[in-house]
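K.L.:
Can you read through this structure? Questions will come right after.
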Amino acid sequence: MRTSATAFAPASVGNVAVGFDVLGHSFQTIGDKVLARRIAEPGVRIASIGGLVTDLPLEPEKNTAGMAVLSMVRDLQLDFGIELTIEKGIPIGSGLGGSAASAVAGVVAANALLPTSLSKLELLKFAMKGEAVASGAVHVDNIAPSLFGGLVLTVGIDNPNVKQIPVPPSVRCVLVHPHMVLATKAAREILNRSIDLSDVIWQSANLAGFLTGCFTGDLRLIRESLEDVIIEPQRKLLIPGFQAVKDAAIANGALGCSISGAGPTVFAWCDEPDAVAIRDAMVAAFAAHKLDSDAWISTLDPTGARVID
């Protein structure tokens, strides 16, 4: 039986424009790592937090990885405790699922220490308890893709149904993260609680068209459907230069461009040959609005969180 394990959980793009709170995809280029180590005393303790973010709570109940693993220890009534060392590779308040990745990496690492491994669905439910610490609500559009990998549709909360959606192999995701912080809670608080019926119909058609395009490999249908008419119009005002960044991506051949999760990171889907030009144009558009940024390009690899050591 293992006494320690390190897990990596990738960043994620929540919502993917057309699937608010139900659709997301992993982004393998960056992510969080968590080392879980068996200890004699019951419960969970966090030894340290390093990497891009270091000022997160060390109390397990206030930390997404800590709470996720603590819920596992309690529910399984383990006769040992677990110490966590967290390495943050995802910027805080970036819209890249950093809190979800820590929770996922924590439960995947802890799972490797158990006498009998849990299923991914069981791990998902524990990670959800951790994510609620950061966002104030339980939603799985970041947790599920970070855990399962690829493009993931999740229906339901108490008994989530998780389905990995095939993506055309030539598709790449470009992520551009402007150097600013946008808290998830703040981005959710500005959203209207009522929506025009015409927008609901339009968004439903876009979600159906997008998923159909993914299943059939129809890039033209993906291009026509990858548009958020409900959430993006409200949140884009929180991101300086967003419209210019989106216009630059589309002008250089993007299939679609929108806000990653709650923002401020902006993502674009594209065909592989266009990825570099789109990345450079998006970075330049943010720079024109006096915002430096980091940028990455990734496949939509269906591999999710995994033990790496």
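Throughout, read-outs are computed from the coordinates displayed, never taken from laboratory work. What you are looking at is a predicted structure, and each value in this text was computed from that prediction instead of being measured. Reconstructed Cβ throughout: ideal geometry from the backbone, glycine too, with neighbour counts over all protein chains shown.
K.L.:
Quick check: convex hull over the Cα atoms of the chain, volume per residue in Å³, rounded to an integer?
P.N.:
On the way: hull volume 37.0 nm³, N = 309.
Per-residue hull volume (Cα only) is 120 Å³.
K.L.:
For GLU83, what charge total do you get from the other residues with a beta carbon under 12 Å from its beta carbon, if Lys and Arg give +1 and Asp and Glu give -1? Mind dumping the intermediate values first?
P.N.:
Working: positive: ARG37, ARG38, ARG45; negative: GLU41.
Result for the neighbourhood of GLU83: +2.
K.L.:
Compute the Cα gyration tensor for region 43-191, then decide on rounded, prolate or oblate, letting a ≥ b ≥ c be the square roots of its eigenvalues: rounded whenever a/c is under 1.5, prolate when a/b is larger than b/c in the other cases, and oblate in all that remain.
P.N.:
On the way: a/c = 1.65, a/b = 1.20, b/c = 1.37.
In terms of gyration-tensor shape, oblate.
K.L.:
Calculate, in nm to one decimal, what GLU272 and VAL138 gain on full extension: separation in residues at 0.36 nm each, minus their alpha carbon distance. Let's see the in-between values first.
P.N.:
Working: separation 134, 0.36 × 134 = 48.24 nm, distance 3.42 nm.
That pair, GLU272 and VAL138, stretches by 44.8 nm at full extension.
K.L.:
If r is the Cβ-Cβ distance from ARG2 to THR29 and R0 is 35 Å, what FRET efficiency results, to the nearest 0.05? Please list the in-between numbers first.
P.N.:
Working: r = 28 Å, r/R0 = 0.79.
Between ARG2 and THR29 the formula returns 0.80.
K.L.:
Counting helices only, and only those DSSP H runs with n ≥ 4, report the 222 nm mean residue ellipticity of the chain as the sum of -39,500 (n - 2.57) divided by its residues, in deg cm²/dmol to the nearest 500.
P.N.:
Working: 10 runs with 110 residues, N = 309.
It lands at -11000 deg cm²/dmol.
K.L.:
Mind pulling the angle between the C-alpha long axis of helix 242-251 and the longest principal axis of the chain? Nearest 10 degrees, somewhere in 0 to 90.
P.N.:
Computed tilt is about 70 degrees.
K.L.:
Tell me, what ³J(HN,Hα) does each residue in region 23-39 have, in order and in whole Hz, if you take phi through Karplus 6.51 cos²θ - 1.76 cosθ + 1.60 with θ = phi - 60° and put x for Gly and Pro?
P.N.:
10, x, 9, 6, 9, 6, 5, 10, x, 10, 10, 9, 9, 10, 10, 5, 10
K.L.:
Can you figure out the FRET efficiency of GLU122 with THR54, using R₀ = 35 Å and their beta-carbon distance, to the nearest 0.05? All intermediate terms of the calculation are to be shown ahead of the outcome.
P.N.:
Numbers: r = 31 Å, r/R0 = 0.87.
So the FRET efficiency works out to roughly 0.70.
K.L.:
Going by the alpha-carbon gyration tensor, a ≥ b ≥ c the square roots of its eigenvalues, is region 199-278 rounded (a/c under 1.5) or, if a/c is not under 1.5, prolate (a/b greater than b/c) versus oblate? Please list the in-between numbers first.
P.N.:
Numbers: a/c = 2.29, a/b = 1.11, b/c = 2.06.
Note, shape of region 199-278 comes out oblate.
K.L.:
Which residues in region 282-309 have a backbone N closer than 19 Å to a point placed 7 Å from the Cα of LEU114 along the Cα-to-Cβ line?
P.N.:
Residues 304-309 qualify, since their backbone N sits under 19 Å from the label point.
K.L.:
Tally Lys and Arg at +1 and Asp and Glu at -1 over the other residues with C-beta under 14 Å from the C-beta of ALA251: what net charge comes out? Don't jump to the answer; show the numbers that get you there.
P.N.:
Working: positive: ARG223, LYS246, ARG279; negative: ASP247, ASP274, ASP280.
Residues close to ALA251 contribute a combined charge of 0.
K.L.:
Which shape class applies to region 137-226: rounded if a/c is under 1.5, otherwise prolate when a/b exceeds b/c and oblate if not, where a ≥ b ≥ c are the square roots of the Cα gyration tensor eigenvalues? Numbers along the way, then the final one.
P.N.:
Working: a/c = 1.35, a/b = 1.23, b/c = 1.10.
Judged from the Cα gyration tensor, region 137-226 comes out rounded (a/c under 1.5).
K.L.:
Shifting gears a bit: What do you get for the angle between helix 275-288 and the principal long axis of the chain? Use alpha-carbon atoms, 0 to 90 degrees, nearest ten.
P.N.:
Between the helix axis and the principal axis of the chain, the angle is about 80 degrees.
K.L.:
Multiply the residue separation of ALA284 and ASN161 by 0.36 nm, subtract the distance between their alpha-carbon atoms, and state the gained length in nm to one decimal.
P.N.:
Using 0.36 nm per residue and subtracting the Cα-Cα distance, I get 40.3 nm.
K.L.:
Something else now. Mind pulling the angle between the C-alpha long axis of helix 64-76 and the longest principal axis of the chain? Nearest 10 degrees, somewhere in 0 to 90.
P.N.:
It works out to around 50 degrees.
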